[in-house]
Amino acid sequence: MRRDVVTTLLGNELRMLVRDRRTIVLSVLLPLVVMPLMLFGSRWSEQRRERRLAETEMSYAVTGPHADAVRRVLAFGEARLASEGAAGRARMKLREVPPGDAAAMLEKGEIVFYLEATEAAFGEGATGPDAETRRPGERAERPVPGVPEVAIVFRGDRDESDEAFARARALLRAGRAEARSLLLVERGFPARGPDVAAVVTRDTATAGHVAGLTLGRTLTLLLLFFVLSGGSVVAIDALAGEKERGTLETLLVSAATRGEIVAAKHLAILAVALVVTVIQVGNFLLYIGFKLIPVSAGWAAAVSPPVAGLLLLLYLPVAALVSSVLLLVSGRARSYKEAQLAFFPVFLLGILPALAPLMPGVSLRSAVVAVPIANVAVAVKEVLTGTFDWPMIALAWAVTALAAAGVARLAERALSAERLVSAAERVEALGGPELFERRVARNFAMMWVALVIGGVWLGEDSDIRLQLLVNLGGIFLLGSLLMVRAYRLDPRQVFALRPVRPVVWLAVLAGAPAGMLSAVGVFRLANLVLPVPEKMMKAFGEALLPEGLPLWQVLVLLSIAPGIFEELAFRGTLLHGLRRRFSPPVLALVVGVVFGVFHVALFRIVPTAFLGIALAAVTLLTGSIFPAMVWHALNNLLGLLAGHYRWPLDELDLDFYAAAALVLAASFWVLWRTRRPYPGLRGTADRGQGTVDSSP
């Protein structure tokens, strides 16, 4: 490329950006203003809330036949907390009022909580007041026969009631401990409860490290939000907007080459991303590090000038990667509106890696170091908490930088070709299968977004049957059928509805259990790098096999239905749409990884992707989707049986996994020997294999 030409084009792009009010607002003013507003606003609201809680006199009531005993316990608690110098909620003013209809008074807001003292024994799994007001995950105390039980009834959706509940619980527990101590002294015990053993806690983390943990969890997420918002405006206008206005053709007929034009626009988008990055890091250094806004000493220690410089260095490849992705998406779009629609899933997918610091137990010395953006986000969190693992920090920076360079190269090669304008218009005009192959990746990205939004909307506690109905029927099946109809595709070809040789079924029957055991072995290996908490695995198993669900529904919903509908979507629609883009081995890998990503949970991605790769390979070797359907259903069935009968598949000796891998290899050897390749694969049509006869 000619440097002077690129410089001239870049200067022109930057002048147009400066004159664009949207760019200035989103890329400069918004990042400059939002951060101090957030810091000022959060500090002001927190101080105001503390003053309000400390100055407001909150009313409560005590009901039940043992109300006097509760009042004595509260008095003991007040005395004990005062003697210990408890702060915070201890300053809250509580005033008892006559109960009347306490429940009605609580609903009307006349009181913030009430205490109900009864002799009823509400134990584990009870339905009484204690069970109703207990927080999620909080265990009920075991009742003692003959001893009054106190239920704290409050409204968790009201700030005053929630804070007063915590205060009342602290008073009751302190008063109970004080009453026990007095009883022990009366019975001749030589010391009161607090005098038996003095407990002192020492936190070895500095205040700066604690503040850095809070900041590091969300800093990358906030940065990506601004970079994607500001960069998308520039990227959309730089290519998609110029296509729509017809000004891109003027550049294409100039003396500048396509590569020089794309390079200049790429540098313009990168400049905006870098400006946003510098502004954000500078904001934290100025407002927190230099204390332009009154903050605690811990926050100021977390963002020192050397740390701010390291953060800026870490974020440089992130800005470069985001700008390259934005350029590629804008160049692929035909119009301004289409680019805007495409940027929505890109925005959601872009911020997903930045959520890695929010996951418990994820460190830079794990598989996350190989994930662009996520590795930098975790590195930033560790830097702010005082952990400087320099080899892993350098590796994370290099991985993201290589990803940025690769995407930049891909974007420039794709957009420098002759089809930058002409081919895109031809494909859009013709529609049909060519347009489907062009848009299949975008369509599946939108399906993934719909899957995530649907999961959030339904919630974790929703009926698993409803979740499967939405995911399998509403997203996978309906989405695939809509693509077949919209692009005028042949369902038989898209879904690979072709018969196979009988020997294939023997390979499937042997390969499915071997593949499942091999996937468990792969999961155990991945768990060494990225450990999964045991509680998470237990919760997932309980959610997957809910109690009370009939066995036939379990088999249909979790074995047969996924085997059909997920295969139609991934080894059908997705594989058919990508078959000309990649060679068969890469195609199987891509389809398998996408299949794993659609299962969202991080610990499921590796074993599920392994299964997806195997199923894609089966479809490519047989040219039919039916073996993959049966394989998939058998895999899920065996997994359900293992969970139901408590088979310890994840605790077997390594010899079992090695044997399973050999059986799996033998199954694929049979499929290879009897192969009838998938029609129309890349690199096969020119050798006369693009129209393979699939008759039995």
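The values are calculated or read from the model by the stated rules, or taken from the named source; none is laboratory data. Computed from a predicted structure; not experimentally measured. Positions of Cβ are backbone-derived with ideal geometry, glycine not excepted, and every protein chain shown enters the neighbour counts. We work out accessible area using only protein heavy atoms, side chains counted, and drop any ligands, DNA or RNA first. Shrake-Rupley method; radii C 1.70, N 1.55, O 1.52, S 1.80 Å.
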(request) Find the strands (runs of 3 or more DSSP E) located wholly in the range 88-172 whose residues include 3 or more that are modelled with pLDDT of 85 or more, and list them. (result) 113-118, 149-154
(request) Give, as residue ranges, the helices (runs of 4 or more DSSP H) completely inside the range 301-386 that count at least 3 residues that are open to solvent by 10 Å² or more (accessible area, probe 1.4 Å). (result) 305-332, 336-351
(message) Residue under question is residue 521, and the condition is that it be at pLDDT below 90, over 22 Å from the mean Cα position of the chain (by Cα), small (Gly, Ala, Ser) and not in a loop (DSSP other than H, G, I, E, B); does it hold?
(response) yes
(request) Look at residue 377 and say whether it is more than 17 Å from residue 269 (Cα to Cα), touching a residue at least 24 places away in the same chain (Cβ under 8 Å) and within 20 Å of the chain's Cα centre (by Cα). (result) yes
(request) Mind telling me which of the residues 568, 638, 621 ends up being touching a Pro at 6+ places or on another chain (Cβ under 6 Å) and open to solvent by 10 Å² or more (accessible area, probe 1.4 Å)? (result) 638
(request) Specify the residue that is surrounded by the most Cβ atoms within 10 Å (Cβ to Cβ); the eligible residues are those in the range 224-260 that are among the polar types (S, T, N, Q), part of a helix (DSSP H, G or I) and touching a residue at least 60 places away in the same chain (Cβ under 8 Å). (result) 232
(request) Mind listing just one residue for me: the one in the range 46-64 that is surrounded by 11 or more Cβ atoms within 10 Å (Cβ to Cβ) and at pLDDT 75 or above and, of those, nearest to residue 177 (Cα to Cα)? (result) 62
(message) Of everything in the range 146-188, what is of a type in the set (D, E, K, R) and either open to solvent by 40 Å² or more (accessible area, probe 1.4 Å) or without any contact (Cβ under 8 Å) to a residue 24 or more places away in the chain (or both)? Give them in sequence order.
(response) 155, 157, 158, 159, 160, 162, 169, 173, 176, 180, 186, 187
(request) Go through (1) closer than 14 Å to residue 677 by Cα; (2) open to solvent by 50 Å² or more (accessible area, probe 1.4 Å); (3) of a type in the set (A, V, I, L, M, F, W, C) and name the single condition residue 616 misses. (result) (2)
(message) I'd like the full set of residues that are surrounded by fewer than 20 Cβ atoms within 10 Å (Cβ to Cβ) and outside any helix (DSSP H, G or I), limited to the range 590-613.
(response) 599, 600, 601
(request) Report yes if residue 540 is at pLDDT below 90 and part of a helix (DSSP H, G or I), otherwise no. (result) yes
(request) Answer yes or no as to whether residue 265 is at pLDDT below 75, surrounded by 19 or more Cβ atoms within 10 Å (Cβ to Cβ) and of a type outside the set (Gly, Ala, Ser). (result) no
(message) Criterion first (surrounded by 19 or more Cβ atoms within 10 Å (Cβ to Cβ), in a helix (DSSP H, G or I) and either modelled with pLDDT under 90 or under 21 Å from the mean Cα position of the chain (by Cα) (or both)) does residue 472 satisfy it?
(response) yes
(request) Would you check which residues across the range 581-598 are modelled with pLDDT of 90 or more and closer than 16 Å to residue 443 by Cβ and list them? (result) 590, 591, 594, 595
(message) Can you tell me how many residues within the range 479-501 are open to solvent by less than 70 Å² (accessible area, probe 1.4 Å) and either outside any loop (DSSP other than H, G, I, E, B) or touching a strand residue (DSSP E or B) at 6+ places or on another chain (Cβ under 8 Å) (or both)?
(response) 7
(message) Could you list, ordered by first residue, the pairs with Cβ atoms under 6 Å in which the first is in the range 57-74 and within 16 Å of residue 147 (Cα to Cα) and touching a residue at least 12 places away in the same chain (Cβ under 8 Å) and the second is open to solvent by 20 Å² or more (accessible area, probe 1.4 Å) and among the polar types (S, T, N, Q), at least 6 apart or interchain?
(response) 64/118
(message) Just checking, does the range 390-405 include any residue being β-branched (Val, Ile, Thr), at pLDDT below 90 and out of contact with any Cys (no Cβ under 8 Å at 6 or more places or on another chain)?
(response) no
